[in-house]
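Participant: Please find one structure pasted underneath; my questions will follow.
Please treat every number below as a calculation from the coordinates, not as lab data. Just so it is clear, the structure is predicted and the values come from calculations on it, not from any experiment. So basically every Cβ, Gly included, is an ideal-geometry build from the backbone, and we count neighbours across all protein chains shown.
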Amino acid sequence: MAETITALSEQQMLALQNEKLVLLATLDSESGFPSVSAISWVYADRLTHIRFAIDQRSRIVTNINKHPQVTLTFFGEGKVNCVYGNAAVVAEALEGVPFKLACYDVAVEAVRDAMFYGSRISAEPEYEKTYDKRAAEKLDGQVFAAMKKA
């Protein structure tokens, strides 16, 4: 049996210090079924915690309030990285952001490579913002600054 890794690697932490596509899995508060959402306001400044921000109106908030267990999945180093942990609210509303975002910290309990055996990711998925580029950059700057202060 493989040893359980309980912290991010330096490379994983660095990858989560820039805007990154991350899949956040929660347990639905009503059905209990897994629920997956794509998020990008994610930041790790420690090997043992990952911070993220989401709209307060998101169903994710309700899900985490009932079931704090989450999985954060991201691509990097040719792998599918899954981080398991419990989310805890840091701020119910981030200051300095033009709309209400909730901020959470996930205490890393386990990190696993979820890529199937004998393969690697050759190109990471890319995304683009579909609204005004300047507005997106300004908002992202505000959110990341507020997350770091929270």
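Participant: Under 25 Å between alpha carbons: how many lysine pairs meet that in the chain, if sequence neighbours fewer than 8 apart on the same chain are excluded?
Facilitator: 21
Participant: Under 15 Å from the Cβ of residue 3, count the other residues' Cβ atoms, weight Lys and Arg +1, Asp and Glu -1, and hand me the total.
Facilitator: Summing Lys and Arg as +1 and Asp and Glu as -1 gives -1.
Participant: If you take the charge dipole of the chain about its Cα centre, with +1 on Lys and Arg Cβ and -1 on Asp and Glu Cβ, which of 88, 108, 139 is farthest toward its positive end?
Facilitator: After comparing all options, I get 139.
Participant: Ok, one more. Normalised by the number of residues in segment 10-149, what is the relative contact order in percent for Cα pairs under 8 Å and 6+ residues apart?
Facilitator: Relative CO of segment 10-149 lands at 23 percent.
Participant: Quote the charge dipole size of segment 10-149 about the Cα centre in Debye, to the nearest 20; the model charges only the Cβ of Lys and Arg (+1) and of Asp and Glu (-1). Spell out each step's value before the answer.
Facilitator: Values: 16 positive and 18 negative charges, 32 e Å.
In debye, rounded to 20, segment 10-149 gives about 160.
Participant: Right, here's the next one. With runs of 4+ DSSP H residues as the only contributors, calculate the mean residue ellipticity of the chain at 222 nm using -39,500 (n - 2.57) per run, divided by the residue total and rounded to the nearest 500.
Facilitator: Working: 3 runs with 31 residues, N = 150.
Result for the chain: -6000 deg cm²/dmol, rounded to the nearest 500.
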